[in-house]
Amino acid sequence: MPLPEKPNIVLIVTDQHRADHLGCYGNGIVRTPHIDSIAARGLAFDRFYVASPICMPNRATIMTGRMPSAHGVPTNGLPLPLESVTFVDLLRDAGYRTALVGKCHLQNMTPIPVEDWNYPAPPPGRKPPPELAESYRRAVDGPGYEVERTELFIADPDRVVETPYYGFDDLRLVTRHGDATQGHYTRWLLQRTNDPDALRGRANALDPAGITAPQAWRTRMPEDLYSTSYIRDAASDLLTEYARTPDRPFFMQFSFPDPHHPFTPPGRYWDMYDPDEIPVPDSLGLDHVDPSALWQKFHRDLADGAAKREHVHPYALSAREAQESIALTYGMITMIDDAIGAFLSRLDELGLSKNTVLIFTSDHGDMMGDHGLMLKHGFAYESLIRVPFIWSEPDGSAAGGAGGRSDLLSGSIDIGATILGRIGLAPPNGSRGFDLMAADAASAPVRDALLVEEDDLPVNSNVDRYLRLRTLVTGRWRLTFWEGDPLGELFDREEDPLEVRNLWNDPAAQGIKAELLERMLRETLRHQDMGPKAAWCA
């Protein structure tokens, strides 16, 4: 049977979920049978990297096929400009119904003001007026940029959001993380319990049974009221609606705010995994050769009793705390997997699975105890920048055959182009992604080096100045350069897969360092805009 020209497409996205936290990527402890089943009948990419290892920049890259320095979201806290063209816009224009269920995070979820000290000091002289203070006259704030603001859903659970929203016509939003989630989920929750706030947070938590890891509590929120259950049910309801008109295809982003911290898996998922049975990460406690200034800072903070471990920035931790954090993360992942299993069953019941492409990925990883560190911001370790990417056709075929693996050097920037390519559409001018399924079918590499960008506000990374780093990944090497820091990172990942022997200052490695810096410059130039085409160029 020929594959459908316009299949339904479901993009499943988890949050802060590294590649090796899935059974189909080699993890022998975490139970993910439903995600593994997608890989078993599809194609899994083993060298798939983010464009940025933090939420908003990489999610904006997925939507636009552009690097953070090009699409205008270099760091968390800056929304994707509303005039951006997304691959979902093009699907919608091609007749697709478009939906997002769960976390979006293309705009700010909280109204936290970012003070001026977070940015580089302005040049001397009289400041320009507000309307001329930025490089563009357009503003990236105001009513159009308040769609995902959590406090507005709390104030009005019946709040209506105008669509299309970056191409999505149907929205079922979930904002924030852990048991503090809100959004459209707020109303759903209020319909099922009179006082949801009595179920949330550390203050209302049940006995944690000896768990001492930071940002972890045994939530009082029951499984059937947790946001993962809402996302499962809301997606099922939309599938039922879409099945009534099977002649019109749909695109759905099925997106979970877990397993992002805080670590609050509900009910049976809390103690589903025993920390005693979780191996301590191999790199935790090892001597690091020429570690970065940031690595030294966070370990020094822990040793001095000055560590700040209750925010979004990275922190150092003990082996036991790492085991506990991983065990709780596995619980959240298995709950997501169960929700995906229910979703796949509903696709089958409605007769939609025979015409639906399934895709699975995550927005970035988590250090999760590697190198004695947790979370993200300011680092480019493999556990942060490598994420899963799985593509499954309706008939179980894929370029490499069912259960195939691809070693294409690929990344989040390619997702939109690959989806558009599946239905014969070209991405817009300015997109820099490649159609991975076409490339894999042709056994044609799309690149030999991949760029990762990260800009970080000090308030998010627990440092005293705006943080900028650039990373280049090849098959063998990973090079990272911090602006203003004489010490970068250079790892030979064939000889040093744990990334503990930094070769940046090694005399024998200066030739490869120079070569990789030049390749980084070439990749940077490739991702810079040539400008929109003038009418006479079209």
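The values are calculated or read from the model by the stated rules, or taken from the named source; none is laboratory data. Keep in mind it's a predicted model, so treat the numbers as computed, not measured. Methodologically, a virtual Cβ is constructed for each residue, glycine included, from the backbone with ideal geometry; neighbour enumeration extends over all protein chains shown. For the accessible areas, the whole protein counts, side chains as well, though only heavy atoms, and no ligand, DNA or RNA atoms are used. Shrake-Rupley method; radii C 1.70, N 1.55, O 1.52, S 1.80 Å.
In the chain, the portion of solvent-accessible area held by carbon and sulfur atoms comes to 52 percent [1.4 Å probe, whole percent, DNA, RNA and ligands not counted]. Database remark: amide H of Cys104 closer than 5 angstrom to the amide H of Val174 (H placed geometrically; neighbours at sequence offset of 5 or more, or on other chains; Pro and chain starts carry no H). Per residue, the accessible area of region 65-120 comes to 38 Å² when a 1.4 Å probe rolls over the protein heavy atoms. One quarter of the surface of the convex hull around the alpha-carbon atoms of region 358-508 equals 11.3 nm², the direction-averaged projected area. Among residues other than Thr32 with Cβ under 15 Å from its Cβ, the summed charge is -2 (Lys and Arg +1, Asp and Glu -1).
Our compactness index for region 222-266, the C-alpha radius of gyration over the empirical 2.2 N^0.38 Å, is 1.46. Taking other residues whose beta carbon is less than 13 angstrom from the beta carbon of Phe298, and scoring Lys, Arg as +1 and Asp, Glu as -1, yields +2. Across all C-alpha atoms in region 1-150, the radius of gyration and Dmax reach 19.7, 69 Å.
Taking every pair of distinct Cα atoms and averaging 1/r, then inverting, what Kirkwood hydrodynamic radius in Å comes out for region 209-358? Radius from the Kirkwood sum: 18.1 Å. The share of alpha-carbon pairs in region 165-243 lying farther apart than 18 Å comes to 48%.
Under the combined filter of DSSP loop state and at most 10 neighbouring Cβ atoms within 10 Å, region 107-173 retains these GluC sites (Glu not before Pro): Glu115, Glu162.
The share of C-alpha pairs in region 103-202 whose separation exceeds 19 Å stands at 55 percent. Phi-derived couplings, Karplus 6.51 cos²θ - 1.76 cosθ + 1.60 at θ = phi - 60°, listed residue by residue for region 206-215: 7, 4, x, 6, x, 6, 10, 4, x, 6 Hz, with x used for Gly and Pro.
Using only the C-alpha atoms of region 433-473, find the volume of their convex hull and express it per residue in Å³.
About 83 Å³ per residue, rounded to a whole number.
Taking trypsin sites (Lys or Arg not before Pro) across region 261-324, the ones in a DSSP loop with at most 16 further Cβ atoms lying within 10 angstrom of their Cβ are Lys308. Here the Karplus curve 6.51 cos²θ - 1.76 cosθ + 1.60, taken at θ = phi - 60°, turns the phi angles of region 351-358 into couplings of x, 8, 5, 6, 9, 10, 7, 10 Hz, with x standing for Gly and Pro.
A DSSP coil position with no more than 13 other Cβ atoms inside 10 Å describes the following chymotrypsin sites (Phe, Trp or Tyr not before Pro) in region 110-177: Tyr136. The largest accessible area among Ser412, Ser69, Ser443 belongs to the first residue in Ser443, Ser69, Ser412, and the rest follow in falling order (1.4 Å probe, all chains).
As a rough guide to protection, the peptides 462-471, 37-46 ranked by mean Cβ packing within 10 Å, highest first, stand as 37-46, 462-471. Mean projected area of the Cα convex hull of region 154-295, taken over all directions, amounts to 13.5 nm². Relative to the current alpha-carbon distance between Leu350 and Ala306, full extension at 0.36 nm per residue lengthens the span by 10.3 nm. With r as the distance between the Cβ atoms of Asp46 and Ala203 and R0 = 45 Å, compute the FRET efficiency 1/(1 + (r/R0)^6) and round to 0.05. That gives a FRET efficiency of 0.55. The length gained on full extension between Asp282 and Ala133, counted as 0.36 nm times the residue separation minus their Cα-Cα distance, comes to 48.8 nm. Separation of region 436-502 from region 298-371 is 21 Å, based on Cα centroids. Close Lys pairs in the chain, defined as Cα atoms under 22 Å apart and 8 or more places apart or on different chains, number 5. Looking at the square roots a ≥ b ≥ c of the eigenvalues of the Cα gyration tensor of the chain, which shape do they give, rounded for a/c under 1.5, prolate if a/b is larger than b/c, or oblate? Judged from the Cα gyration tensor, the chain comes out rounded (a/c under 1.5). Neighbours of Lys6 by Cβ distance under 12 Å: Lys/Arg scored +1, Asp/Glu scored -1, total +1.
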